[in-house]
Amino acid sequence: MVDVAVTAAEQALPLHVAVIMDGNGRWARARGLPRTLGHREGARAVRRTIEAAGDLGITHLTLFGFSSENWSRPPEEVSEIMSLIRFYLRREIAEMKRNNIRFRVIGDRATLSNDLLSLIDHAERETEGNAGLFLTLAISYGGRAEITEAARSLARDAAAGRVDPDQIDESAVRGRMFTGDLPDPDLLIRTSGEQRISNFLLWQCAYAEFFFTDVLWPDFDGTALADALGEFARRDRRYGRAVG
Ligand code: FPP
């Protein structure tokens, strides 16, 4: 259980936190273990982080589980990550229901296996009425692909006469994103010391605060999340306005 009082007192809580979970491989290497064990430990960190996010009063949590570029990893590693996601969904669905978590997957579903797709559909259906933490898992996700698909779908509608090109504004584009009905992330966390966005939520993170930590993902926990929230509370978000 994380100390909620401190963060609530700061009165600058990010409602939507997005996380690039990085460093599973390095965590394993540092222990002389195979990378797959790093991913397994990473899955435990996923569970801890979801629990801590709920305790801390975050309303939306979006996790980068697998990028469209991750398909180019060795097939055994891809298969291990997919198995972990399947295992996680099978095991955690009851827990998500108990904890009032609403679950959604974003990404290119056409690339996912049928058994994973049916687990995802099941988890999304079973939790769609829940009003607690909104948990989004990005699988086979790429930000540029998402924006490209939004452009394609608007272009199709314009060509068919359903949309007037001159009426296309930011809210029309937003509406075609996987996350069209979600608030933008306030805070983007990346673990493992890397400082880049790696094609994650490119549109949505336009005004997010970025927080980079050296903690490797398998070591991430409620304390590390609370540290990120503490730093967020000290930031001055101006959305392009002058310092005032
Ligand atoms: C980055 O570490 C992590 C990934 C590419 C996969 C994330 C997967 C998990 C956290 C486990 C399964 C997920 C769920 C939702 C149960 P890396 O392999 O790039 O680490 P490295 O940069 O140190 O090599």
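The values are calculated or read from the model by the stated rules, or taken from the named source; none is laboratory data. These numbers come from a predicted model, not from an experiment. Here the Cβ positions follow ideal geometry from the backbone for every residue, glycine too, while neighbour counts run over all protein chains shown. Accessible surface areas use protein heavy atoms only, side chains included; no ligands, DNA or RNA. Shrake-Rupley method; radii C 1.70, N 1.55, O 1.52, S 1.80 Å.
Highest mobility in the GNM of the chain, judged by mean-square fluctuation with C-alpha springs under 10 Å and restricted to 165, 183, 218, is found for 165.
Judged by the mean number of other Cβ atoms found within 10 Å, the most tightly packed of the peptides 135-144, 110-119 leads the ranking 135-144, 110-119.
How far, in nm, would the chain grow between residue 207 and residue 15 when pulled straight, counting 0.36 nm per residue and subtracting the alpha carbon separation?
On the way: separation 192, 0.36 × 192 = 69.12 nm, distance 1.34 nm.
Value of the extension gain: 67.8 nm.
Quick one: pull the percent of accessible area on the stretch 1-149 belonging to carbon and sulfur, 1.4 Å probe, ligands and nucleic acids left out. Write out the running numbers ahead of the final one.
Numbers: 3710 of 7120 Å².
Summing carbon and sulfur atoms, their accessible area is 52 percent of the total for the stretch 1-149.
Extension gain, residue 152 to residue 108: 0.36 nm times the residue separation minus the Cα-Cα distance gives 14.4 nm. Highest average first, the peptides 126-134, 155-163 ordered by how many other beta carbon atoms sit within 10 Å of their residues are 126-134, 155-163. Mean separation of Cα pairs under 8 Å and 6 or more residues apart, divided by the residue count, gives the chain a relative contact order of 30 percent. Each of residue 198 and residue 98 was given a label point 7 Å from its Cα along the Cα-to-Cβ line. The distance between the two points is 3.1 nm. Taking 0.36 nm per residue of sequence separation and removing the Cα-Cα distance, the residue 69/residue 173 pair yields an extension gain of 35.1 nm.
Report the relative contact order of the stretch 132-244, percent, no decimals, based on alpha-carbon pairs under 8 angstrom and at least 6 residues apart. Don't skip to the answer; put the middle values down first.
Values: 85 pairs, mean separation 26.6, N = 113.
Answer for the stretch 132-244 is 24 percent.
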